[in-house]
Amino acid sequence: MAQNAKSAAPAAGAAPQKPNSKLLIIIIVLLAAMMGAGGWYFTKGKEEVKVAPPKNPIFIPLEAFTVNLQRESSDQYLQLGLTLKVFEPDYENKIKLNLPDIRSKILQLLTTKTATELLTAEGKKKLIGEIISMSNSSIGISNPASHTVKPAAIPAESQVAETTPHDVAAPVPVEKNGVVDVLFTSFIIQ
């Protein structure tokens with residue numbers, strides 16, 4: 001009986017201890033701290049890695065060109081409307097200041113072409129690259145290699161099953177410096 005009295009006495013005088021409640025509080029505090037750190041990382045931490053939003057392009061339409069093409073079988077001419085694409089207002093101003101030079105160079109280039117050459121997609125892409133290069137040289141930018149248009153390789157129908165992703169040319173990144181693209185608004189050969 002004395003033993004029973006000893007074991008019953010502390011239980012009656014003290015509140016029952018809950019060791020699980022302390023552990024639960026520590027876990028909750030640690031989880032809250034980890035969630036706070038994760039929230040900071042995904043919101044504040046990414047501010048340092050922000051990428052500048054892309055600039056809006058500026059389109060500069062040119063008056064239509066009408067030129068005689070190189071003679072193949074009969075006289076043919078080209079009527080061409082085009083627009084130059086830039087990203088910086090400074091380049092827009094430079095193009096407008098040098099427009100007579102740019103138009104003259106484009107006219108000279110167009111008169112060296114044949115109708116057969118210009119009717120293909122590859123011929124048009126080559127013409128775009130040449131106009132970009134000439135326009136940029138007129139405004140003081142001489143890096144034609146960065147503006148060369150390279151058409152993606154298109155596998156022949158018989159080779160489709162054997163083609164791997166490495167066989168197709170990746171798009172060439174174009175610098176946003178000077179004239180970056182030429183858009184045809186009309187293209188008539190007669």
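Looking at segment 54-68, is at least one residue of a type in the set (S, T, N, Q), surrounded by 12 or more Cβ atoms within 10 Å (Cβ to Cβ) and in contact (Cβ under 8 Å) with a residue 40 or more places away in the chain? Looking for residues that are of a type in the set (S, T, N, Q), surrounded by 12 or more Cβ atoms within 10 Å (Cβ to Cβ) and in contact (Cβ under 8 Å) with a residue 40 or more places away in the chain, one finds none in segment 54-68, hence no. Where helices (runs of 4 or more DSSP H) fall entirely within segment 85-138, those with at least 1 residues that are farther than 17 Å from Gln70 by Cβ are at 89-97, 99-110, 121-138.
Evaluating Asp90 against the criteria (1) charged (D, E, K, R); (2) surrounded by 15 or more Cβ atoms within 10 Å (Cβ to Cβ); (3) under 30 Å from Pro53 (Cβ atoms) leaves one unmet condition, (2).
Every number here is computed from the coordinates shown, using simple stated rules; none is lab data. Only a predicted model underlies this, so the values are computations on that prediction, with no experimental measurement involved. Positions of Cβ are generated from backbone atoms using ideal geometry, with glycine treated the same way; all protein chains shown enter the neighbour counts.
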